[in-house]
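First comes the structure, then the notes that go with it.
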Amino acid sequence: MGAMTASATPATPTTPLARALALAYGAAGIYAAYLTQGVVQEKLATRRYGPAGDRFPGLDALHGVQV
């Protein structure tokens with residue numbers, strides 16, 4: 001059995017262009033996550049559910065978790 005030589009840490013970009021692209025990729029992922037969360041939350045908050053037309057019952061808990 002041989003020893004594992006692979007490192008557990010990811011490789012970091014070395015050139016300025018690669019660093020800029022990695023930063024832009026990360027920022028785009030964060031914006032996409034917040035945008036998706038906002039759209040889903042808006043749909044939950046504004047729709048009426050069930051025959052009585054009730055709002056989403058866990059909306060206060062959802063807001064509390066986000067803070």
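The values are calculated or read from the model by the stated rules, or taken from the named source; none is laboratory data. Just so we're clear, the structure is a prediction, and the values are computed from it rather than from any experiment. All Cβ positions, even for glycine, are placed from backbone atoms using ideal geometry, and neighbour counts span all protein chains on display.
What the table shows:
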{"quantity": "Hits in the stretch 31-59 (condition: of a type in the set (A, V, I, L, M) and in a helix (DSSP H, G or I))", "calculated": "Ala32, Ala33, Leu35, Val39, Val40, Leu44, Ala45, Leu59"}
{"quantity": "Verdict on Thr46 being at pLDDT 90 or above, loosely packed, with under 10 Cβ neighbours inside 10 Å and not charged (D, E, K, R)", "calculated": "no"}
{"quantity": "So Thr9, is it at pLDDT below 90, loosely packed, with under 10 Cβ neighbours inside 10 Å and hydroxyl-bearing (Ser, Thr, Tyr)", "calculated": "yes"}
{"quantity": "Residue check, Gln37 within 16 Å of the chain's Cα centre (by Cα), at pLDDT below 85 and not hydrophobic (A, V, I, L, M, F, W, C)", "calculated": "no"}
